[in-house]
Amino acid sequence: MKKEDFIYASSVVCSKWINKRKDPKGKEYHKILIIKLDEIGDMVNTLHVFELLKKEYPNAEITLWCKSFIYPLVHFDPNITKIVTSKSELELLYDLIVDLRGTFESNWYAITHQPYYRVDRASVRLKNKFNGGQKHEVMTNLEIIEPLLDKFPAEIKLKIYHNDHDTAAINDFIAENKLLKFAILHCEARRPLRKWSPQRFANIAKYLKENYQYDIVFAGDVNDVESIDKIRELIPFNTLNVAGQFTLSEFATLTSKAKLFIGNESGPLHIATASQCPSIGLYGPGVPATFYPWGVNATYIHHVLDCNPCDQVNCVRPENTCMDLISELEVETKIKEILN
């Protein structure tokens, strides 16, 4: 048995043991712990859970346990009472645990600090495995908390909250750089096989400038500065590189003011989508459908091959990868569609 399979199995058993002969509805939960020890994009696809639980239990104190670098992304969410980034910050007991990932640590915490009820991702994934397959992450997260909801929501919207400081910082940045209309390009990804060609990104930047008069802003983290500057050298006009300059909530504010976002499958794409920025995601070796950008203003390009999904490390067709199959013309066509 793989490590991940063992974690999932232990999570299912844990919930069945805690929930034995209990009805989750009709219970007034006072202390709710949401566990999401995950990455940026995963957290964005969870944002609706906070709002739905707050609506269902308006008097409850809702604590979120997440990774420390995620904190700025959810810091201003009014549906969350408290955010912790370490197990040592947790209280001794919660009457409801919502585990949206499932790790050895979170499973053990539930066993040693038993709540009245626990819902978890593994149980939903197991059910879907035998009932049509894996669903989009937004729907999977909704199904995790479905037993707790009075009714299933008719519409799901993801929203990132920011404060006045974020708005002021981004407005100052836009004014200082005289940005009237701008597009954001995100050319990096955690895995090299997820990256679209730097030259093609440069050509799309030129296309946006020539056809839409958009200024171009390149985004990323501090480790992407050098690779972005190499792409900028391929472009015959001035562009901006903001890699590593903003917090996650400030970056969300920046995307909310952009005319367009184009990027590889990664966290910044999901931030842009949740910020209602028209967005185009470029997908390659990842699981089809599960992590596509969510929302009416978002679209994607994905050539799903027989080898998909893969381990995203070892490519069986390195001379012409699935990302290489995405043409500039396809991206230009999507630009026309989404801007119209």
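The values are calculated or read from the model by the stated rules, or taken from the named source; none is laboratory data. Predicted model, so just to flag it, every value in this text is computed and none were measured. Because the Cβ atoms are built from the backbone with ideal geometry, glycine has one as well, and the counts that use them run over all protein chains shown.
Scanning segment 308-339 for residues that are over 28 Å from CYS277 (Cα atoms) and either among the hydrophobic types (A, V, I, L, M, F, W, C) or touching a strand residue (DSSP E or B) at 6+ places or on another chain (Cβ under 6 Å) (or both) gives CYS310, VAL313, CYS315, VAL316.
Checked against (1) surrounded by 15 or more Cβ atoms within 10 Å (Cβ to Cβ); (2) of a type in the set (Lys, Arg); (3) out of contact with any Gly (no Cβ under 9 Å at 6 or more places or on another chain); (4) in the same structural domain as THR239 (by TED's automatic domain parsing), LYS195 passes all but condition (3). Assessment of segment 328-335 against the conditions (of a type in the set (Lys, Arg), surrounded by 15 or more Cβ atoms within 10 Å (Cβ to Cβ) and modelled with pLDDT of 90 or more) yields at least one matching residue. A single entry from HIS302, HIS270 fulfils the requirement of being without any contact (Cβ under 8 Å) to a residue 60 or more places away in the chain, assigned by TED's automatic domain parsing to the domain that holds ALA219 and surrounded by 18 or more Cβ atoms within 10 Å (Cβ to Cβ): HIS302. Could you list, in sequence order, all residues of segment 242-258 that are part of a helix (DSSP H, G or I), over 15 Å from MET43 (Cβ atoms) and among the small types (Gly, Ala, Ser)? Once the filter is applied, which keeps residues that are part of a helix (DSSP H, G or I), over 15 Å from MET43 (Cβ atoms) and among the small types (Gly, Ala, Ser), segment 242-258 yields only SER256. Condition check for HIS75 on (1) more than 14 Å from LEU33 (Cβ to Cβ); (2) surrounded by fewer than 20 Cβ atoms within 10 Å (Cβ to Cβ); (3) without any contact (Cβ under 8 Å) to a residue 40 or more places away in the chain: one failure, at (3).
One line per residue, one yes/no per condition, for (1) at pLDDT 95 or above; (2) among the basic types (Lys, Arg):
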| site | (1), (2) |
| --- | --- |
| THR103 | no, no |
| TYR117 | yes, no |
| ALA122 | no, no |
| LYS127 | no, yes |
| LEU142 | yes, no |
| LEU148 | yes, no |
| LYS157 | no, yes |
| HIS162 | no, no |
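Each row is one residue, and each column tells you yes or no for (1) in contact (Cβ under 8 Å) with a residue 24 or more places away in the chain; (2) of a type outside the set (D, E, K, R); (3) not in a helix (DSSP H, G or I); (4) not assigned by TED's automatic domain parsing to the domain that holds ASN45.
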residue: ILE83; (1), (2), (3), (4): no, yes, yes, no
residue: LEU92; (1), (2), (3), (4): no, yes, yes, no
residue: GLY102; (1), (2), (3), (4): yes, yes, yes, no
residue: PRO115; (1), (2), (3), (4): yes, yes, yes, no
residue: LYS135; (1), (2), (3), (4): yes, no, yes, no
residue: VAL138; (1), (2), (3), (4): yes, yes, no, no
residue: GLU143; (1), (2), (3), (4): no, no, no, no
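Yes or no, residue by residue, for (1) touching a helix residue (DSSP H, G or I) at 6+ places or on another chain (Cβ under 8 Å); (2) assigned to a loop (DSSP other than H, G, I, E, B); (3) assigned by TED's automatic domain parsing to the domain that holds ALA9:
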position: ALA154; (1), (2), (3): no, yes, no
position: LYS157; (1), (2), (3): yes, yes, no
position: ALA169; (1), (2), (3): yes, no, no
position: PHE173; (1), (2), (3): yes, no, no
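Scanning segment 284-308 for residues that are modelled with pLDDT of 95 or more and within 20 Å of LEU339 (Cα to Cα) yields TYR292, PRO293, TRP294, ALA298, THR299, TYR300, ILE301, HIS302.
Scanning segment 175-192 for residues that are small (Gly, Ala, Ser) and either in contact (Cβ under 8 Å) with a residue 24 or more places away in the chain or outside the structural domain of LYS257 (by TED's automatic domain parsing) (or both) turns up ALA183, ALA189. Look through ALA205, ALA189, ALA183 and report the one residue that is touching a strand residue (DSSP E or B) at 6+ places or on another chain (Cβ under 9 Å), assigned to a strand (DSSP E or B) and small (Gly, Ala, Ser). Among ALA205, ALA189, ALA183, only ALA183 is touching a strand residue (DSSP E or B) at 6+ places or on another chain (Cβ under 9 Å), assigned to a strand (DSSP E or B) and small (Gly, Ala, Ser).
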